[in-house]
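Below: one structure, written as structure tokens.
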Amino acid sequence: MLLSLPNWIIHLSSALEWGIAAALLFHYGKITGRRDIRLFGLAMLPHWSGSFFVLGYHISGDTIPILLDMSELINLFGSTALLLATLNLLKSTKKTSATSYTAALAAIMIAGKPQSYLGADIFDAILQLSSVVYITFLVLLLKVWRRDRTIFSGLTVAGFWFVLIFISVTIFCMYLATVVRGYPTLSHDDLLHGLAESLLSISNLMIAIGAHRKIREYKREQLNAIQG
């Protein structure tokens, strides 16, 4: 295996934090009676399952690339699930039609010229398509938060957006590891790999802590209502 023990801890923590965040959001939806929030928590599960394929890829010493490809495919489903769950939340605001945002997504895809997504193989296309879907999800998530602050904590929303920082830094670290430092892949450069992955762990932790705060806030409001 290429990863050091500290790097493994970071990877495992990252996966665990995302799973906890999904469970917390599902629980928040349950105690508030919000089915749409529960569905959002469930929509986080595909991304969580995809993380185990990445872990399997690293366990193999990065020798089974199909595991990494499968994680990209699952992440596409995960990003789509998050987008659909967010569109469902938008419906609950009753201030705009979620259909218009679906049309906006279609416009983005057409404007992006799908044929330009074709990279070295189909999985490159999937990765780029997943990125477009995820960014669309982020924009709509921000709109949901602005219209109804009871659904998400600002920290949770910031955590989802922080994933973009993780992606940007990972790309830069890949360049440094392979071009500047001469390693075959980023995984071979344990320092830079751990640095990049730690940002994903921070992102997931932000999402989880934000969800936990909303649960505590709701319970405190309920307690005050009973005592008042």
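Every number here is computed from the coordinates shown, using simple stated rules; none is lab data. The model shown is predicted, which means the values in this text are computed figures rather than measured ones. Because the Cβ atoms are built from the backbone with ideal geometry, glycine has one as well, and the counts that use them run over all protein chains shown.
Work through the residues other than LEU55 whose Cβ is under 12 Å from its Cβ and net out their charges, Lys, Arg +1 and Asp, Glu -1. Net charge around LEU55: -2.
Of the peptides 203-209, 157-163, 66-72, the order by per-residue mean of other Cβ atoms within 10 Å, starting with the highest, comes out as 203-209, 157-163, 66-72. When the charge dipole of the chain is built from unit charges on Cβ atoms (+1 for Lys and Arg, -1 for Asp and Glu) and taken about the Cα centre, the candidate among ALA177, LEU24, LEU76 whose Cα reaches farthest toward its positive end is LEU24. When the chain is treated as a GNM with alpha-carbon contacts under 10 Å, the residue of TRP18, TRP48, TRP145 showing the greatest mean-square fluctuation is TRP145. Applying 1/(1 + (r/R0)^6) with r as the Cβ-Cβ distance of SER131 and THR32 and R0 = 45 angstrom yields a FRET efficiency of 0.90. Estimated from the Cβ-Cβ distance and a Förster radius of 45 angstrom, the FRET efficiency linking ILE122 and ILE215 is about 0.65. Extending 7 Å from the Cα toward the beta-carbon at both LEU16 and ILE64 defines two label points whose distance is 2.3 nm. Output the 0 to 90 degree angle, nearest 10, between the alpha-carbon long axis of helix 122-147 and the longest principal axis computed from the alpha carbons of the chain. Tilt of helix 122-147: around 30 degrees. If you run the Gaussian network model on the chain, springs between alpha carbon atoms under 10 Å, then out of ALA211, ALA22, ALA125 the most flexible one is ALA125. When only alpha carbons of the chain are considered, Rg and Dmax amount to 18.9, 66 Å.
Using label points projected 7 Å from each Cα along Cα→Cβ, tell me how many nm separate SER168 and THR185, to one decimal. Calculated label separation equals 2.6 nm.
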